[in-house]
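Structure, as structure tokens:
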Amino acid sequence: RNVTGVQTCALPILIARSLAASGKVLICGNGGSAADAQHLAAEMVGRMLVERRALPAIALTTDSSNLTALANDYGYEHVFSRQVEALARPEDLLIAISTSGNSPSVLRAAESARRIGCRVISLTGGTGGRLAPLSTLHLNAAAGKNSSRIQETHLFIIHSLVDLLDRFFLHEGAEG
């Protein structure tokens, strides 16, 4: 589950399998992790370095009307789980980002995804918190002792992941 050579290779494979099954990637996080969620979704739908088909990814952090209504009506800890309940299907995948691994809104999203049958990939720091055991694949910046270093590691993971996905899906409709 933690990042080691063999398990890390499973990350793009899990995503590719989900996409091959007509699934999509849902991504959530708070604060800087919300920015990372949006960054990852943008790189998947668009591209990073090479042209390839658009990959279905949604950052659950971007709809201000949904976020504020859900926070008001259900409490902030439900802003992502309600979206997962509305949008996720078993073939989908949730990428849950939390530097501590203990963010209530991210934990509830992971729990909802698991109930639906989705796989959960988590990016955390420190001990991995309560998110680690909810994850199909857990990438942990264990040496990170503060949010900045953990988020920098997460950004490296995001860029590396998209680079691998670009290469994996390059043969499908590549232009040049």
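The values are calculated or read from the model by the stated rules, or taken from the named source; none is laboratory data. This one's a predicted model, so the numbers in the text were calculated from it and none came from an experiment. Counting neighbours? That spans all protein chains shown, and the Cβs are built from the backbone with ideal geometry, glycine included. Please note that ligands, DNA and RNA were not included when accessible areas were found on the heavy atoms of the full protein model with its side chains. Shrake-Rupley method; radii C 1.70, N 1.55, O 1.52, S 1.80 Å.
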Within the stretch 119-132, does at least one residue satisfy the condition of being over 25 Å from PHE156 (Cβ atoms) and either in contact (Cβ under 8 Å) with a residue 40 or more places away in the chain or not acidic (Asp, Glu) (or both)? no
Of the numbered conditions (1) at pLDDT 95 or above; (2) open to solvent by less than 40 Å² (accessible area, probe 1.4 Å); (3) under 26 Å from LYS145 (Cα atoms), LEU11 satisfies every one except a single condition; which is it? (1)
Residue satisfying condition, being in contact (Cβ under 8 Å) with a residue 12 or more places away in the chain and not in a strand (DSSP E or B), within set ALA71, ALA34: ALA34
Regarding THR136, is this residue more than 20 Å from LEU26 (Cβ to Cβ), open to solvent by 40 Å² or more (accessible area, probe 1.4 Å) and of a type in the set (Ser, Thr, Tyr)? no
If we ask which residues in the stretch 107-150 are touching a helix residue (DSSP H, G or I) at 6+ places or on another chain (Cβ under 7 Å) and more than 23 Å from ILE13 (Cβ to Cβ), their number turns out to be 8
Filter the stretch 117-128 for residues that are touching a strand residue (DSSP E or B) at 6+ places or on another chain (Cβ under 9 Å) and under 21 Å from GLN83 (Cβ atoms); the one that is surrounded by the fewest Cβ atoms within 10 Å (Cβ to Cβ) is ARG119
Sort out which residues of the stretch 126-176 are among the small types (Gly, Ala, Ser) and either on the phi > 0 side of the Ramachandran plot or modelled with pLDDT of 95 or more (or both), and write them in order of number. GLY126, GLY128, GLY129, ALA132, SER135, GLY173, GLY176
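Residues checked against (1) of a type in the set (Ser, Thr, Tyr); (2) surrounded by fewer than 22 Cβ atoms within 10 Å (Cβ to Cβ); (3) within 20 Å of GLU152 (Cα to Cα); (4) in contact with a Gly (Cβ under 8 Å, 6 or more places away or on another chain):
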site: VAL25; (1), (2), (3), (4): no, no, no, no
site: MET48; (1), (2), (3), (4): no, yes, yes, no
site: LEU87; (1), (2), (3), (4): no, yes, no, no
site: ASN102; (1), (2), (3), (4): no, yes, yes, yes
